[in-house]
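The values are calculated or read from the model by the stated rules, or taken from the named source; none is laboratory data. Being a predicted model, the structure only gives us computed values, none of them experimental. Every residue, glycine as well, gets a Cβ built from its backbone with ideal geometry; the counts of neighbours run over all protein chains shown. Keep in mind that these areas ignore ligands, DNA and RNA; they rest on the heavy atoms of the full protein, side chains included. Shrake-Rupley method; radii C 1.70, N 1.55, O 1.52, S 1.80 Å.
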Amino acid sequence: MKTLKSQNKSFSQEIYTWYSLFGRNNLPWRKNISPYRVWISEIMLQQTQVKTVIPFFNKFIKKYPTLKSIASASEDDILALWTGLGFYRRAKNIYKTKEIIKNDFKNRFPKNFDELILLPGIGRSTAGAIMSIAYQESYPILDANVKRVISRYKKIDLNGKDCTKQLWLTSEELTPEVNIFEYTQGIMDLGATVCTSKSQDCMRCPVNKNCKSAYEDINTRPKVKKERSKKKIYFTLAHSNDSFLLFKKNEKSFWESLWVPYDTNGLKGNDIFKEPANKKITNINHLLSHMELDITVEIVDYKTPFKVKTNLEHEWISKDQIHNYGLPKPIMTIIENHG
DNA sequence: AAATCGTGGTC
DNA sequence: TGACCAAGATT
C-alpha cells in the first residue's frame, strides 16, 4: 500500500507552531483569561481593530473586572464605557446578555456553544471564539482574518454566491481537534500581521507551501460600493454652569440610547428654549458606515439651568459627570471643547 | 437578504 | 486624501 503521508505538517499544525513563535501574546485579553474577559473582548473586537480596542478594553475591565462586578450595572453604565467605540448596539447587547446570565444561568458564564449563540450579540463566530479560547473546545471561527487567510489559501472568491457558506465549511475543515486555543489565536494573528488585506508576506507565511494564492498578487477583497446617504441634523446644545442639557435618543436608528443635544428636527425656531445669553453655531461633518451626517450644533449659553417643559427623557449633566453617560463621539468632542 | 450599525487606522 | 476596512450580528 502506498502511503503518501505528507512530509509537511498540516495547516493547523503549521499555524500552531507559528503561533508559538510569533503570536501576539501581549494583548490585554490574552492575559488572565476568563470566559467573561474573552466575551467582552470578542464583542469589542467585532469589526473593530485591535489597536482601537485596547484602551477601551482596559477601561472596561478596570471598572468591571468580572461577571460578578457587572451584574448590577445599568445599560447607561455600559454605554458610557462604549463612548467613542461605535456600534453601540454591542454595549446594549452586553447589558442584555449579562442580565440573562444573571437571571437564567445563576450568573455562571454559559459553557455550551448552543447556549452562547442564543445570547444577544453572540453569533456563530463569536460563540466559536469563546468556546475555543475560553474553554479550549474545538469550534471554528470566521472573522475577517480567517476569511482572508482561508479564502486565499483555498482560492475562494469573496464575491461569489454562497461564499460565506463555503468559508464556514472550509474553516470547519481546517480547524483542528487539538491545540484549538493556539490555532484560533494563531490564524487571527497570521491574518493580522502576515496575510493582511493590503500585503501578503508569503515569504514569512507558515502555510505558503499549499496556499493556492502564494506569491500571487491577488486581490481577494470583496467589492464594496455603497452610496452613503446624507442626512442633516440640527442640534441645540444648552449649556449653563458647566452643565449640558442632553436628551436620550430613543429612535430605533443610529446612536440609539445615547445622549445627544436637543434635536430641533430641522425647525429653525425651536420651542423649548428661551433667548440665551450667548450663542454660537458650529458645523460638523461626521461619517457613519452607511451615511454622512451634516450636523449643525447651536450652542446656547444660559446663566442658570432652567426647567425644561418636555416629555422627552432629558438631564442637565455636569461636565465632571459626562463620562458616566454614553455619547456619540462628535457630541462628546464638542462638549469637551466647550466651556 | 441586503441594510443597518461607528469610528479610527492606514496608505 | 479619500477610500477601504476592521476578532460581525441582527433584522
Query - Extreme residue, surrounded by the most Cβ atoms within 10 Å (Cβ to Cβ), among residues of region A:93-105 that are within 10 Å of DNA strand C (Cβ to nearest atom) and more than 12 Å from the chain's Cα centre (by Cα) - result: A:97
Report task. Take residue A:142 and decide whether it is more than 16 Å from DNA strand B (Cβ to nearest atom) and open to solvent by less than 20 Å² (accessible area, probe 1.4 Å). Result -> no
Query raised in the report: How do the helices (runs of 4 or more DSSP H) wholly within region A:33-88 filter down when requiring 2 or more residues that are more than 10 Å from DNA strand C (Cβ to nearest atom) and surrounded by fewer than 20 Cβ atoms within 10 Å (Cβ to Cβ): which remain?
Result: A:50-63, A:67-70, A:75-80
Query raised in the report: With (1) hydroxyl-bearing (Ser, Thr, Tyr); (2) part of a strand (DSSP E or B); (3) without any contact (Cβ under 8 Å) to a residue 12 or more places away in the chain as the list, and residue A:296 as the residue in question, which single condition is left unmet?
Result: (3)
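A quick yes/no check of all residues on (1) closer than 26 Å to residue A:215 by Cβ; (2) assigned by TED's automatic domain parsing to the domain that holds residue A:123; (3) touching a residue at least 60 places away in the same chain (Cβ under 8 Å):
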| position | (1), (2), (3) |
| --- | --- |
| A:155 | yes, yes, no |
| A:161 | no, yes, no |
| A:165 | no, yes, no |
| A:168 | no, yes, no |
| A:171 | yes, yes, no |
| A:174 | yes, yes, yes |
| A:180 | no, yes, no |
| A:187 | yes, yes, yes |
| A:193 | yes, yes, yes |
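Considering A:213, A:257, A:240, which residue is within 16 Å of DNA strand B (Cβ to nearest atom) and either over 30 Å from residue A:18 (Cβ atoms) or in contact (Cβ under 8 Å) with a residue 60 or more places away in the chain (or both)?
Details: A:213 fails: within 16 Å of DNA strand B (Cβ to nearest atom); A:240 fails: within 16 Å of DNA strand B (Cβ to nearest atom).
Result of the check over A:213, A:257, A:240: A:257.
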**Report entry** Pairs, first within 8 Å of DNA strand C (Cβ to nearest atom) in region A:106-121, second in a helix (DSSP H, G or I), C-beta under 6 Å, six or more apart
**Finding:** A:117/A:127; A:119/A:97; A:120/A:93; A:120/A:96; A:120/A:97; A:121/A:43; A:121/A:90; A:121/A:93
Report summary line: All conditions in (1) open to solvent by 20 Å² or more (accessible area, probe 1.4 Å); (2) at pLDDT 95 or above; (3) in a loop (DSSP other than H, G, I, E, B) are true of residue A:323 except (3)
